[in-house]
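Structure first, then comments.
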Amino acid sequence: MSDNTTSPDDDRTVHDATKRRREVRTRYAEIATGSAACCDDTEPTSCCGDTELERADRSRLVGYSDGDRAAVEPGADLGLGCGNPTAIAAIENGDTVLDLGSGGGFDCFLAAREVGDDGRVIGVDMTPEMVERARENAETNDASNVEFRLGEIEHLPVADESVDVITSNCVVNLSPDKPQVFREAYRVLRPGGRLTISDVVSTAALPPDVRTDPESITGCIAGASPIPELETMLRDVGFVDVSIDPNAKSQAFIREWADAYDPSEFVVAATIDGQKPTT
């Protein structure tokens, strides 16, 4: 006779995951509505610099060109990323692109230029306030080939084998169940589809107080995984041609993510790639 009881450890894991999602959702709801500091391109704050030049310099460090910033109306770039996945994702005209944790929609609008009128871009975010803001930005940018859906990246509201390219920008680290994120990504990709994301990876063990600190968790620090673990997650799901390329230059902006310590001693931004086999 099977035992279907749930162990205390299982209960604790579920509780921790639920708590973590709640903390992340609360922080990014505040950012979406302007009640928390972020690098909003319409309301600059200390984290992104007080001047247009400082904000432009930070965008260049992350990987955006001046042309990228000029191509999207203000209000979409919230300064929350750690790279520019659309620049390296080899997006083609007619592609369907899915952006995980789409925020204000900045990367989606950049991808929309690449897919053209024959393609489409889908952004998924679990924060209602962020989805609402992104939809407003879509109207401002007249982005008719972009749509935003409310949902968790562990349970994507996207059909099987319907996407050509998946992008994401400093979001997967926030998930309490990264293997499930990659399983879902694999499910929705068409055979031969590609995953190209920018995220942070762990380079050294965090102090216990930082690892459990809500601000470090929601601030894209405490949730980072080591490269070998991420490679294993991706390959276990079925991805091939897996590569993770750290960006040493990211230390210049990551060290600004906390005041009490230097996060760049523990995490670095990286490009994470994988492909779903064609057969």
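Structure data summary
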read-out: Solvent-accessible area, 1.4 Å probe, carbon plus sulfur percent, for the range 106-185; value: 40 percent
read-out: Normalised contact order of the chain, rounded percent, pairs of Cα under 8 Å and 6 or more residues apart; value: 17 percent
read-out: Cβ-defined net charge surrounding residue 107, 12 Å radius [Lys, Arg +1; Asp, Glu -1]; value: -4
read-out: The range 151-257: antiparallel DSSP beta bridges as a percent of all, rounded to 5; value: 10 percent
read-out: For the chain, calculated [θ]222 nm from helices alone, where every DSSP H run of n ≥ 4 adds -39500 (n - 2.57); value: -11000 deg cm²/dmol
read-out: Antiparallel DSSP beta bridges within the chain, percent to nearest 5; value: 40 percent
read-out: Exposure rank, largest accessible area first [190, 235; 1.4 Å]; value: 235, 190
read-out: Candidate values (i) 0.97; (ii) 0.92; (iii) 1.22, label of the one derived for Cα Rg over 2.2 N^0.38 Å; value: (i)
read-out: Residue with peak Gaussian network fluctuation, the chain [Cα springs, cutoff 10 Å], from 60, 183, 22; value: 22
read-out: Charge sum, other residues only, whose C-beta stays under 14 Å from residue 232's C-beta, Lys/Arg counted +1 and Asp/Glu -1; value: 0
read-out: Accessible-area ranking of 209, 117, largest first, probe 1.4 Å; value: 117, 209
read-out: Heavy atoms of residue 98 accessible to a 1.4 Å probe, total area in Å² rounded to 10; value: 0 Å²
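The values are calculated or read from the model by the stated rules, or taken from the named source; none is laboratory data. Just so we're clear, the structure is a prediction, and the values are computed from it rather than from any experiment. No Cβ is skipped: glycine too gets one built from the backbone with ideal geometry, and neighbour counts run over all protein chains shown. These area figures cover heavy atoms from the full protein model, side chains too; ligands, DNA and RNA do not enter into them. Shrake-Rupley method; radii C 1.70, N 1.55, O 1.52, S 1.80 Å.
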